[in-house]
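Here is the structure we will look at, set down as structure tokens.
The values are calculated or read from the model by the stated rules, or taken from the named source; none is laboratory data. This structure is a prediction, so every number in the text was calculated from the model and none was measured. FYI the Cβ positions are ideal-geometry reconstructions off the backbone, even for glycines, and counts take in every protein chain you see. Areas reflect the complete protein model, heavy atoms only, side chains present, ligands, DNA and RNA absent. Shrake-Rupley method; radii C 1.70, N 1.55, O 1.52, S 1.80 Å.
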Amino acid sequence: MFGFQRRRVRRCECDTLLPKPGPLPQTSQVAATGELLAGWSGRSSGPGSSPGNLARIADRAHPAPTCPAGPAGTRLPARPAGPSAGPAGRGRAVAAVLERLDARAARAWLAEARAALARERTGIDGLNVYPVPDADTGTNLHLTLDAGARAVAALPEDAGLRAVLRALADGALRGARGSSGAILAQLLRGLVPEAAPAGPGHRRQDGEAAALARALARGAAAARRAVARPVEGTMLTVARAAGEAAEASARRAGADLPAVARAAAGAAREALHATPRQLEALRRAGVVDAGGRGLTVLYDALAAVVGGAAALPALPPAAPARPGATGARDAEDPGTGGPRAELTYLLDVPPRAPRPGAPRAAEAQDGPAALAGELAALGDDVVVGGGRGDGDDGAGTWAVHVHVAPQAVAAALAAGAARGRVHAARLEPLGPGTLLVLVAEGEGLAALAAGAGAAAVPPGALAGAAHGALLLPADGAALRAARAAAAADGGAVVPCAAAPAAVAALAVHDPALAPARALDVLGAAARAARCGAVRAERDGWRAVADGAAVAAGRATHPVDAVLALVDALAHGGAELVTLVAGRGGADVARRAAALVARRRPPLEVAVHLGGQPGELVAVGVE
């Protein structure tokens, strides 16, 4: 072969079949040929992969979807350069194309999506104006996917595709942040049923492309079902467009995984550009939907992993929402002048035995749809998703999200507690001012908090409180729970460990105050109350103040124990006595109040029915 003929062969190889690593690809033919033969031989490179799935070198290029121009003035976050940004330069990119989805591919997609969301979270936060402009959608999506990734990382290396997807969905569900995170977790759960059973020889009858399309469509439908009142122009719209495009692509003759993935990614981008025409809040702010933009990151990552390194075109540069942009809903509670609350919690619902002869509709009365309806009557932006996914009884773990006024938080928690165990509750203020959260058990204390424009959460259910939330504990156990929750999410704790001191703080609560100022005011009110409590002991009643017993023994009547506490605490210019009746202590508190008013006329006496466990009557003197 002459030299000019050899150069033509090398040029042909460089432009078509053989990728050669390095800055001078024409010098790397041996390495390239070795890689090509390894791909054709189907050698596995790790657990979870199957023969023939690692890569095959293709000289066909799937057309990348165009990036349509958005409405005039619409701002999109830039796609940073990185591993998923695609090769630059002229010539056709040669991609490693997957023939089927397996656990290794799912892990690769997760890693790509996780890295991309980490890069773009700040830009997505800047787009956030719907439903409230709290600038956290990108962060919430990233934290939710990160929780799913940690669950996957805990699996053994040889875990199959179904196990990987289920761990991803369950981890995202338990770590979901905000409404966008709850919706994403439900979308991921929708992918699980389409995962192939374990086994390298398994093949679906209708092909891998059809299975991927069904998974994307199922995920979009599951996400939509989780939202009590779906709104177009949001991430729900983007997900549905991606699922429908994937299914349409899969129906075409010769459809394969890259074609389906790229169709979904392209349709998601088109739907994203249309969101300002569907939501007035987005049009006014000059942005696309933040949650929808976050989903396009996931679809882009899927297209890159399935179809190789030939990535989609970069999106236009980003700019944050216009100054003064407002959301579709008010972040301020009109009743208090303070912020509304974003409440999320997990709900463990036990399985129920089917009732003989009961219609299916009756079995669903306590299910997620019914809970979502109750929450929608209390607030908005309701998302309820999760469960086992194998029945209509609602059993399993559900993630609950709602925006409510602070005084409705207790009712939102009670709606879940009527169905199962509520835990991992988190609160975040949605606007300026202070969100005060009473950490206490007892319906009466919760009612007192609501009357003061504050939220109430049992200590056993609390997991976190964000910056701008102040936690007001009503006993020692609540104080420990409040400190842990504040440390987890950035909130602050009012130094308080007694129900009467908490009542004193509630009396001076002003939701419009800045958190730092409110912390000073509430702390001063709580410190001004000297407190004690009457508790039941094995040998009778025991009155304790500052850790020391004031009265105790079988011969001690509970009313006498309360009076002894008042005498021990009411000194040094005392003006007000507060009695907070615990469970079963209402009559004792009323009788003691009447005696105090008769014996010590200068003292003002107030009685509150707290319902707190472990205390017959809590006594405070100010």
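I need the full set of residues from the stretch 416-450 which are buried (at least 22 other Cβ atoms within 10 Å of the Cβ) and in a helix (DSSP H, G or I), in order please.
G416, L445, A446, L448, A449
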Condition set under 14 Å from A417 (Cβ atoms) and out of contact with any strand residue (DSSP E or B) (no Cβ under 6 Å at 6 or more places or on another chain), scope the stretch 452-466, selection surrounded by the most Cβ atoms within 10 Å (Cβ to Cβ): answer is P458
State yes or no: is L295 open to solvent by less than 10 Å² (accessible area, probe 1.4 Å), in the same structural domain as W109 (by the TED database), in contact with a Lys or Arg (Cβ under 8 Å, 6 or more places away or on another chain) and part of a helix (DSSP H, G or I)? no
Please go through the stretch 122-145 and pick out each residue that is of a type in the set (D, E, K, R) and either open to solvent by 30 Å² or more (accessible area, probe 1.4 Å) or in contact with a Pro (Cβ under 6 Å, 6 or more places away or on another chain) (or both). D134
Give me the pairs: first residue in the stretch 395-422 and outside the structural domain of G385 (by the TED database), second residue surrounded by fewer than 24 Cβ atoms within 10 Å (Cβ to Cβ), beta-carbon distance under 6 Å, and six or more apart or on different chains, which are they? none
Is it true that V550 is open to solvent by 50 Å² or more (accessible area, probe 1.4 Å), β-branched (V, I, T) and touching a Gly at 6+ places or on another chain (Cβ under 8 Å)? yes
Only one of (1) touching a residue at least 60 places away in the same chain (Cβ under 8 Å); (2) within 40 Å of the chain's Cα centre (by Cα) is not met by V534, so which one is it? (2)
The stretch 377-391, subset more than 16 Å from the chain's Cα centre (by Cα) and modelled with pLDDT of 75 or more, residue surrounded by the most Cβ atoms within 10 Å (Cβ to Cβ): G379
Test for R483: is it touching a residue at least 60 places away in the same chain (Cβ under 8 Å), among the charged types (D, E, K, R) and either in contact with a Leu (Cβ under 7 Å, 6 or more places away or on another chain) or assigned to a helix (DSSP H, G or I) (or both): no
Got a number for residues in the stretch 233-251 being closer than 25 Å to G367 by Cα and open to solvent by 60 Å² or more (accessible area, probe 1.4 Å)? 1
In this structure, does L579 turn out to be more than 21 Å from E443 (Cβ to Cβ) and either buried (at least 17 other Cβ atoms within 10 Å of the Cβ) or in contact (Cβ under 8 Å) with a residue 60 or more places away in the chain (or both)? no
Return only the number of the condition from (1) on the phi < 0 side of the Ramachandran plot; (2) not assigned by the TED database to the domain that holds L471 that A514 does not satisfy. (2)
Any residue at all in the stretch 516-525 that is open to solvent by less than 50 Å² (accessible area, probe 1.4 Å), hydrophobic (A, V, I, L, M, F, W, C) and modelled with pLDDT under 95? no
Verdict on G373 being of a type in the set (G, A, S), open to solvent by 40 Å² or more (accessible area, probe 1.4 Å) and at pLDDT below 85: no
Does A314 fit the bill of being open to solvent by 30 Å² or more (accessible area, probe 1.4 Å), under 18 Å from A115 (Cβ atoms), of a type in the set (A, V, I, L, M, F, W, C) and at pLDDT below 95? yes
Filter the stretch 252-272 down to the residues that are open to solvent by 10 Å² or more (accessible area, probe 1.4 Å) and either in a helix (DSSP H, G or I) or free of Cβ contacts under 8 Å to residues at least 12 places away in the same chain (or both) and list them by number. R252, A253, G254, A259, R262, A263, A267, E270, A271
Considering only the stretch 467-508, state which residues are open to solvent by less than 20 Å² (accessible area, probe 1.4 Å) and at positive phi. G468
Are any residues in the stretch 526-542 modelled with pLDDT under 85 and outside any loop (DSSP other than H, G, I, E, B), and if so, which ones? A536, E537, G540, W541, R542
